[in-house]
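Trainee: Sharing a structure here in structure tokens format.
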Amino acid sequence: MRTAEITRKTKETDITVKLDLDGGSVDISTGIGFFDHMLTAFAVHGGMGLTVKAEGDLHVDGHHTVEDVGIVLGKAFNEAIGDMKGISRYGTAFIPMDEALGFASIDISGRPFLVFNAEFSDDRIGEFDTCLAEEFFRAFAMNAGVTLHLKCEYGKNDHHIAEALFKAAAHAVKDAKVVSGNEILSTKGVL
């Protein structure tokens with residue numbers, strides 16, 4: 001089974017993530033409603049079971065909570081994906097969300113990198129600071145050991161832009177994590 005459970009406690013946050021790459025229930029609680037909505041979409045559209053319980057210093061702002069959830073989710077993903085034998089490795093998706101079009105492409109490679117190309121017109125979506133979308137995906141990519149490219153091709157509504165990006169990332173992950181053989185997909189024979 002491709003599962004992981006990671007707990008990380010700092011002076012700023014206390015986070016537990018349970019991840020099942022092959023599906024299961026979804027239960028998200030971070031204290032930031034819109035972020036919960038995005039993580040739920042990420043899990044459901046990615047075909048993953050995901051539980052996130054996060055307590056953070058939200059009296060300061062949402063930065064530590066969002067970034068640290070990305071760190072813990074990334075670590076869980078890295079553990080659950082294991083030795084990467086047989087996975088498809090690559091995934092790419094375009095997702096429309098009304099007037100917005102999000103793009104994501106991932107390489108589960110062991111080489112962490114993030115390209116994030118999206119602009120938001122407002123500072124917040126509910127209680128979620130829009131600048132934290134990039135922080136979440138950076139933390140996830142660096143700790144998951146994946147190369148992740150995200151772009152909003154166009155869009156006006158910040159909610160739609162963010163949701164298109166999270167869902168595009170989810171569909172890219174869904175394709176890349178599929179087990180389609182028993183060899184590592186690399187000319188080097190190792191990732």
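Trainee: Just give me the residues in region 82-107 being closer than 24 Å to K151 by Cβ and not in a strand (DSSP E or B), in sequence order.
Mentor: Selection gives S88, R89, D98, E99.
Trainee: Output yes when any residue across region 139-155 is surrounded by fewer than 19 Cβ atoms within 10 Å (Cβ to Cβ) and part of a helix (DSSP H, G or I), and no when none is.
Mentor: Yes.
Trainee: Residues that are under 20 Å from G91 (Cβ atoms), touching a residue at least 24 places away in the same chain (Cβ under 8 Å) and aromatic (F, W, Y): does region 22-39 have at least one?
Mentor: Within region 22-39, not a single residue is under 20 Å from G91 (Cβ atoms), touching a residue at least 24 places away in the same chain (Cβ under 8 Å) and aromatic (F, W, Y).
Trainee: Does region 146-153 contain at least one residue that is in contact with a Cys (Cβ under 7 Å, 6 or more places away or on another chain), at pLDDT 95 or above and closer than 15 Å to A169 by Cα?
Mentor: no
Trainee: All but one of (1) under 19 Å from H37 (Cβ atoms); (2) more than 18 Å from the chain's Cα centre (by Cα); (3) not basic (K, R) hold for V69, so report the exception by its number.
Mentor: Result: V69 passes all but (2).
Trainee: Checking the conditions here, which among G62, G47, G70, G56 is in contact with a Gly (Cβ under 7 Å, 6 or more places away or on another chain) and closer than 23 Å to C131 by Cβ?
Mentor: Of G62, G47, G70, G56, the one residue that is in contact with a Gly (Cβ under 7 Å, 6 or more places away or on another chain) and closer than 23 Å to C131 by Cβ is G56.
Trainee: Here is a further query. Which of (1) assigned to a helix (DSSP H, G or I); (2) over 19 Å from A176 (Cα atoms); (3) touching a His at 6+ places or on another chain (Cβ under 9 Å) is the odd one out, the single condition I71 does not satisfy?
Mentor: Result: I71 passes all but (3).
Trainee: Show the residue pairs meeting these rules: Cβ distance below 6 Å; 6+ apart or different chains; first residue within region 150-171 and free of Cβ contacts under 8 Å to residues at least 40 places away in the same chain; second residue buried (at least 22 other Cβ atoms within 10 Å of the Cβ).
Mentor: From residues that are free of Cβ contacts under 8 Å to residues at least 40 places away in the same chain, the pairs are D158/I125.
The values are calculated or read from the model by the stated rules, or taken from the named source; none is laboratory data. In this text the structure is predicted, and so the values were computed from the model without any measurement. Positions of Cβ are backbone-derived with ideal geometry, glycine not excepted, and every protein chain shown enters the neighbour counts.
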